[in-house]
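J.: Encoded as structure tokens, here's the structure I'll be asking about.
The values are calculated or read from the model by the stated rules, or taken from the named source; none is laboratory data. Computed from a predicted model, the values in this text were never measured in an experiment. Don't worry about glycine lacking a Cβ; one is built from the backbone with ideal geometry, like all the others, and counts go over all protein chains shown. Remember, those area values only see protein heavy atoms, side chains included, never the ligands or the DNA or RNA. Shrake-Rupley method; radii C 1.70, N 1.55, O 1.52, S 1.80 Å.
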Amino acid sequence: MTMLSSVYDRLQRAELDVLAAALGVVLALALFPLRFLSSQIFIVTLPILLGVGSLLYLAAARGRGTTNGLPTLAPSLVRLISAGVFFGLAVMVVLAVVQGERSILFMDIGGVVGTLLLGQILLAPDDELRPSVFLAEILVYSFVVRFAALYTAPGYIGIDIWSHTTFVQMILQADSLSAINDIKYYASPLFHLLTAASTHLLDLSLRNALYLSIGVVMPLVPILVYGTARLLVPLRWALTAGALYAMGDQVVRWGIHLIPTSLGLLFFLACLYCLVRITHASERWRDFGLLVLFSTAVILTHQVSSFIMLVLLFAGFVAQVLLRFDFFTEDPDPLSFSGGASSPVNLAGLVGFNLGLIVFTWSLTPYQGDTFLETVINYLVLNLFNAGFLQGVGGSGGSAGASGAAGSAGQTFFSQLSTYVTEAGFLMLIFAGLIGCLTVLNRSRATQTTYTFVGAIVAMLFVVLGLPLVGIESFVPGRWFAYLYALLAIIGVLGFRHLANRTSLKVVGVILLLFVLVYPNVMLMSNDGAMDSPAFPDQHERLSYTEQELAAVDTYSSARSSQQGGELYTDLPYGTVWERTNAYPAEPLPAEEGRPVPQGITAYREYQSQSASYFPNEQDVATNLDPSKTEVCPPTTNYVYANGEVTICSLPGAN
């Protein structure tokens with residue numbers, strides 16, 4: 001007992017943030033050799049980020065005084081930059097209209113505008129930090145980037161949106177939710193009901209109603225991140241968090257690919273704001289009521305979003321339990337965060353309510369011939385039995401593209417460049433989040449709010465980066481990133497503020513300059529945020545379609561009923577439009593010995609020969625082949641449809 005008491009006393013005197021940073025250095029050294037087993041980008045880069053971030057924090061922890069923070073620009077220069085930001089945004093709008101797409105030039109100008117916006121926020125004098133002006137810049141940036149994509153693409157952007165708009169059409173035609181009673185969204189129909197109601201109330205087409213309802217709301221989500229951060233840190237850093245989130249590729253992704261995940265993200269951020277108000281700013285019943293309301297809305301919108309929300313609430317409950325012990329508390333230091341509840345708030349009832357509602361809702365949700373709850377549990381058990389270390393890692397691929405499973409014969413320079421550009425912004429957020437987590441682990445800055453952030457970030461990183469390493473993707477990790485970005489952006493600015501006040505200008509200046517120059521550019525050019533017009537068209541499929549490609553779907557499906565039998569074979573992802581709109585049964589066109597093999601009815605589009613499209617080979621691995629038209633539709637086949645971009649052919653004797 002004496003030895004245990006001695007150990008406890010030593011730990012109680014030790015600084016948790018320093019211990020965690022030292023552990024981070026050791027862990028980074030232990031993980032570094034994994035790069036020799038796999039070239040996967042996170043395995044290669046994360047040990048380096050962990051080691052550098054931990055060493056940087058240890059260096060900062062040696063200074064106990066505060067510095068003067070960041071330098072500032074002249075007020076006249078700040079106003080000039082504001083004018084430049086709005087001028088740049090106007091140029092982006094003109095470019096999108098004239099060029100009919102988000103071109104490389106559009107993205108280059110957007111990166112410059114983002115750099116000016118971030119730099120202005122960080123370096124403006126305190127008396128020039130006008131929230132209305134800076135928030136206007138952030139929101140206009142969000143609208144321009146997203147609506148330039150939505151209204152230059154002739155159809156929808158993404159894959160799942162074609163299914164969800166089909167569900168909405170079914171509800172509108174039947175004038176009843178019973179039209180989707182065999183679909184998993186029957187018990188979580190809020191997205192589809194809101195879209196159907198908007199179509200009726202606005203008296204617009206389904207596409208325009210979707211864009212002018214949920215589409216208009218999604219660019220506003222940075223306000224929730226800004227508002228949450230503002231409860232914790234001064235204005236400058238709250239604006240920085242809002243700007244970082246507005247530029248995030250995954251955030252842009254769900255602003256142009258409008259599906260239940262998008263609405264679930266909106267409600268999740270509202271939950272996050274209410275939770276921070278409860279644990280850090282107040283304990284009013286109004287805030288509890290709003291948190292219950294928004295968490296219920298998440299559950300009625302999207303299954304994955306509701307699970308992510310539950311992870312956040314459970315992290316808050318764990319923080320509540322930990323902070324009951326005096327081991328985690330100490331007198332605040334000069335850089336403690338504004339506000340802070342005097343004692344932990346009890347979240348047990350809220351966690352229990354949401355867990356019960358989720359289980360009840362999932363038990364009523366039909367999915368693959370069973371309930372959603374049973375299907376998910378069975379799938380998870382199957383994954384656990386088949387798990388293996390590094391089983392889910394291949395090549396140098398990253399996280400989030402729609403072609404994440406697509407393989408290639410070898411990693412070229414451009415494929416590696418595409419991967420690193422796509423993941424660079426996320427890696428920078430992880431670095432910022434690491435500094436922020438170490439900062440709040442200091443017992444003098446411990447609050448239920450900050451420990452909630454740390455717990456939620458660790459759990460979510462485990463889901464999106466840890467579990468896929470062993471082949472477990474039951475929790476659909478690709479949908480978690482935009483939610484994780486919010487936590488990383490908020491906790492990251494806490495870390496930046498700490499560095500700005502505890503390290504030399506040279507150190508924090510280099511880090512923030514890197515963020516200002518690189519982050520906006522890589523986020524805008526990331527494949528995940530540019531699904532409509534990839535910056536690397538040979539490496540990532542375009543998930544939007546031309547007027548001719550959509551016309552082929554409508555015309556051929558109208559001329560030939562799917563009841564006549566047979567299936568249409570084409571590339572991935574074009575086949576998903578045929579299948580998900582119920583236009584015609586579609587299958588991927590197979591390939592043998594590196595070339596496509598024509599089937600009964602085959603659809604060729606010029607895009608197959610020019611950019612990234614995929615065909616499964618003998619090992620059922622999707623490959624990008626760039627076939628010619630004669631390889632997909634040889635002269636010996638019958639051409640049954642052509643419109644200049646799309647040709648549909650059939651083998652002699654095919655139905």
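J.: Out of the range 138-147, which residues are open to solvent by less than 10 Å² (accessible area, probe 1.4 Å) and farther than 18 Å from residue 229 by Cα? So that I can check it myself, show each step before the final result.
T.: Just the residues of the range 138-147 that are open to solvent by less than 10 Å² (accessible area, probe 1.4 Å), to begin with: 138, 141-142, 145-146.
Correct list: 141, 142, 145, 146.
J.: With 584, 639 as the choices, which residue is farther than 28 Å from residue 535 by Cα, part of a loop (DSSP other than H, G, I, E, B) and either open to solvent by 40 Å² or more (accessible area, probe 1.4 Å) or without any contact (Cβ under 8 Å) to a residue 40 or more places away in the chain (or both)?
T.: On the way: 639 fails: part of a loop (DSSP other than H, G, I, E, B).
Criteria check complete, one pass: 584.
J.: May I pose another question? Quick one: count up the residues across the range 34-46 that are in a helix (DSSP H, G or I) and either open to solvent by less than 70 Å² (accessible area, probe 1.4 Å) or in contact (Cβ under 8 Å) with a residue 24 or more places away in the chain (or both).
T.: Taking the range 34-46 first, the residues in a helix (DSSP H, G or I) are 34-36, 41-46.
When the remaining residues are screened for being either open to solvent by less than 70 Å² (accessible area, probe 1.4 Å) or in contact (Cβ under 8 Å) with a residue 24 or more places away in the chain (or both), the result is 34, 41-46.
So the answer is 7.
J.: Might you let me know whether the range 255-278 holds any residue that is of a type outside the set (Val, Ile, Thr), surrounded by fewer than 21 Cβ atoms within 10 Å (Cβ to Cβ) and over 16 Å from the mean Cα position of the chain (by Cα)?
T.: Checked against the condition, which is being of a type outside the set (Val, Ile, Thr), surrounded by fewer than 21 Cβ atoms within 10 Å (Cβ to Cβ) and over 16 Å from the mean Cα position of the chain (by Cα), the range 255-278 yields no hits at all.
J.: For the range 289-307, state whether one or more residues are more than 19 Å from residue 187 (Cα to Cα), open to solvent by 10 Å² or more (accessible area, probe 1.4 Å) and assigned to a helix (DSSP H, G or I). Steps first, answer last, please.
T.: Initial filter on the range 289-307 (more than 19 Å from residue 187 (Cα to Cα)): 289-291.
Add one more test, that the residue is open to solvent by 10 Å² or more (accessible area, probe 1.4 Å), and what stays is 289-290.
Then keep just the ones that are assigned to a helix (DSSP H, G or I); that gives 289-290.
Yes: the range 289-307 contains one or more residues that are more than 19 Å from residue 187 (Cα to Cα), open to solvent by 10 Å² or more (accessible area, probe 1.4 Å) and assigned to a helix (DSSP H, G or I).
J.: Here's a follow-up. When the range 486-544 is examined, which residues are found to be in contact with a helix residue (DSSP H, G or I) (Cβ under 7 Å, 6 or more places away or on another chain), of a type in the set (Asp, Glu) and crowded, with 24+ Cβ neighbours inside 10 Å?
T.: 528
J.: Say whether the condition of being farther than 30 Å from residue 104 by Cα and assigned to a loop (DSSP other than H, G, I, E, B) is met by at least one residue in the range 541-554.
T.: Applying the first criterion (farther than 30 Å from residue 104 by Cα) to the range 541-554 yields 554.
Still in the list and also assigned to a loop (DSSP other than H, G, I, E, B): none.
No, because not a single residue in the range 541-554 is farther than 30 Å from residue 104 by Cα and assigned to a loop (DSSP other than H, G, I, E, B).
Yes/no matrix, rows are residues, columns are (1) out of contact with any Pro (no Cβ under 8 Å at 6 or more places or on another chain); (2) charged (D, E, K, R); (3) more than 24 Å from residue 251 (Cβ to Cβ); (4) at pLDDT below 95:
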| residue | (1), (2), (3), (4) |
| --- | --- |
| 128 | no, yes, yes, yes |
| 137 | yes, yes, no, no |
| 142 | no, no, no, no |
| 169 | yes, no, yes, no |
| 175 | yes, yes, yes, yes |
| 185 | no, no, no, yes |
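J.: Could you tell me whether the range 601-610 includes any residue that is loosely packed, with under 15 Cβ neighbours inside 10 Å, under 32 Å from the mean Cα position of the chain (by Cα) and farther than 19 Å from residue 587 by Cα?
T.: Initial filter on the range 601-610 (loosely packed, with under 15 Cβ neighbours inside 10 Å): 610.
From the residues that got through so far, the ones that are under 32 Å from the mean Cα position of the chain (by Cα) too are 610.
Checking the rest, the ones that are also farther than 19 Å from residue 587 by Cα come to 610.
Taking every residue of the range 601-610 in turn, at least one turns out to be loosely packed, with under 15 Cβ neighbours inside 10 Å, under 32 Å from the mean Cα position of the chain (by Cα) and farther than 19 Å from residue 587 by Cα.
J.: Considering only the range 134-173, state which residues are among the hydrophobic types (A, V, I, L, M, F, W, C), in contact with a Ser or Thr (Cβ under 7 Å, 6 or more places away or on another chain) and either free of Cβ contacts under 8 Å to residues at least 40 places away in the same chain or not in a loop (DSSP other than H, G, I, E, B) (or both). Break it down into steps so the answer makes sense when it comes.
T.: Applying the first criterion (among the hydrophobic types (A, V, I, L, M, F, W, C)) to the range 134-173 yields 134-136, 138-140, 143-145, 147-150, 153, 157, 159, 161-162, 167-168, 170-172.
Checking the rest, the ones that are also in contact with a Ser or Thr (Cβ under 7 Å, 6 or more places away or on another chain) come to 153, 157, 159, 162, 168, 172.
162, 168, 172, listed by residue number.
J.: In the range 99-113, how many are outside any helix (DSSP H, G or I) and either over 22 Å from the mean Cα position of the chain (by Cα) or not basic (Lys, Arg) (or both)? Don't jump to the end; show me each part of the working.
T.: So in the range 99-113, the residues outside any helix (DSSP H, G or I) come out as 100-103.
Now narrow it down to the ones that are either over 22 Å from the mean Cα position of the chain (by Cα) or not basic (Lys, Arg) (or both): 100-101, 103.
Residues in the range 99-113 being outside any helix (DSSP H, G or I) and either over 22 Å from the mean Cα position of the chain (by Cα) or not basic (Lys, Arg) (or both): 3 in total.
J.: Which residue pairs have Cβ atoms under 7 Å apart, sit 6 or more places apart or on different chains, and have a first residue in the range 454-468 that is touching a residue at least 12 places away in the same chain (Cβ under 8 Å) and a second that is open to solvent by 40 Å² or more (accessible area, probe 1.4 Å) and β-branched (Val, Ile, Thr)?
T.: 455/318
J.: May I pose another question? Which condition breaks for residue 188 when tested against (1) of a type in the set (Gly, Ala, Ser); (2) more than 21 Å from residue 297 (Cβ to Cβ); (3) open to solvent by less than 20 Å² (accessible area, probe 1.4 Å)?
T.: The single condition residue 188 does not satisfy is (2).
J.: Another question, then. Out of everything in the range 300-340 that is at pLDDT 70 or above and more than 29 Å from the chain's Cα centre (by Cα), what residue ends up being nearest to residue 231 (Cα to Cα)?
T.: Looking at the filtered set, the residue picked out is 323.
J.: Something else: Can you report the number of residues in the range 450-481 which are within 15 Å of residue 40 (Cβ to Cβ), under 13 Å from the mean Cα position of the chain (by Cα) and of a type in the set (Val, Ile, Thr)?
T.: Of the residues in that region, 1 qualify.
J.: Now for a separate question. Mind checking which residues of the range 215-237 are open to solvent by less than 10 Å² (accessible area, probe 1.4 Å) and more than 15 Å from residue 429 (Cα to Cα)? If you could, list the steps in order and put the result at the bottom.
T.: Looking only at the range 215-237, we keep the residues that are open to solvent by less than 10 Å² (accessible area, probe 1.4 Å), and these are 215, 218-219, 221-222, 225, 228-229, 232-233.
Residues satisfying the conditions are 215, 218, 219, 221, 222, 228, 229, 232, 233.
J.: While we're looking at this one, here's another question. Of all residues in the range 448-478, which are touching a His at 6+ places or on another chain (Cβ under 9 Å) and surrounded by fewer than 24 Cβ atoms within 10 Å (Cβ to Cβ)?
T.: none
J.: Every residue in the range 110-132 that is β-branched (Val, Ile, Thr) and open to solvent by 40 Å² or more (accessible area, probe 1.4 Å), please.
T.: If we filter the range 110-132 for residues that are β-branched (Val, Ile, Thr), which is where we start, we get 112-113, 115, 121.
Selection gives 112 alone.
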